[in-house]
Every structure is written in structure tokens, then in C-alpha cells.
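Laboratory data are not the source of any read-out in this text; all were calculated from the coordinates shown. Every value quoted in this text rests on a predicted model; they were computed, and no experiment measured them. Every residue, glycine among them, receives a Cβ derived from its backbone with ideal geometry; neighbour counts consider all protein chains shown.
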Amino acid sequence: VDTDIEGVYNVTYDVVDAAGNPADQVIREVIVKDIEQPVILLNGGSIINLNVGDEYTELGATATDNSDDNVSSAIVIGG
């Protein structure tokens, strides 16, 4: 089971006794899933004060996630 990669893993168990009798195989299903949400970090402050007529340039943001190294490229800016 690779706990760094989301997915469903099947772990199988087999055994044969000394007389050569096999047991019925048993399968354990292990589900690895990402339950941590990404974190957005603003570039600059969360409040920007402007005067009427000032020019505004969006400073952007970055995001981090425990299982997605490219999550910043998925940020959607609105408003």
C-alpha cells in the first residue's frame, strides 16, 4: 500500500498448512484518500486601501496542498 498515492489497494492473504490444504484467500481493501484541504496564502495583505482613481494591481496568491504540488495553478480569482 502506497500511502503517498490516493487509491484503492487490495491486500491478499494466503496460507497452506503442512498437509497441503490451502485456506480460502482473504482480501482486505485499503482505501487511501486525501482528506486535507489546500491552504491559500495571499501575496500581500488581506485588506488593501485605495483612493478613488488609484490603480489596482492584483498581487495574487499561492496555494499548498499535501498531495497536489500544482494546486496553485488551479486558483480561481473572482470579484
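Just wondering, is there one or more residues in the range 1-16 that are assigned to a loop (DSSP other than H, G, I, E, B), surrounded by 10 or more Cβ atoms within 10 Å (Cβ to Cβ) and touching a residue at least 60 places away in the same chain (Cβ under 8 Å)?
yes
Of everything in the range 38-56, what is assigned to a strand (DSSP E or B) and not β-branched (Val, Ile, Thr)? Give them in sequence order. Steps first, please.
Within the range 38-56, the subset assigned to a strand (DSSP E or B) is 39-42.
Across the range 38-56, the qualifying residues are 41, 42.
Quick one: how many residues across the range 42-79 are of a type in the set (S, T, N, Q), free of Cβ contacts under 8 Å to residues at least 12 places away in the same chain and either in contact with a helix residue (DSSP H, G or I) (Cβ under 9 Å, 6 or more places away or on another chain) or exposed (fewer than 10 other Cβ atoms within 10 Å of the Cβ) (or both)?
The total comes to 6.
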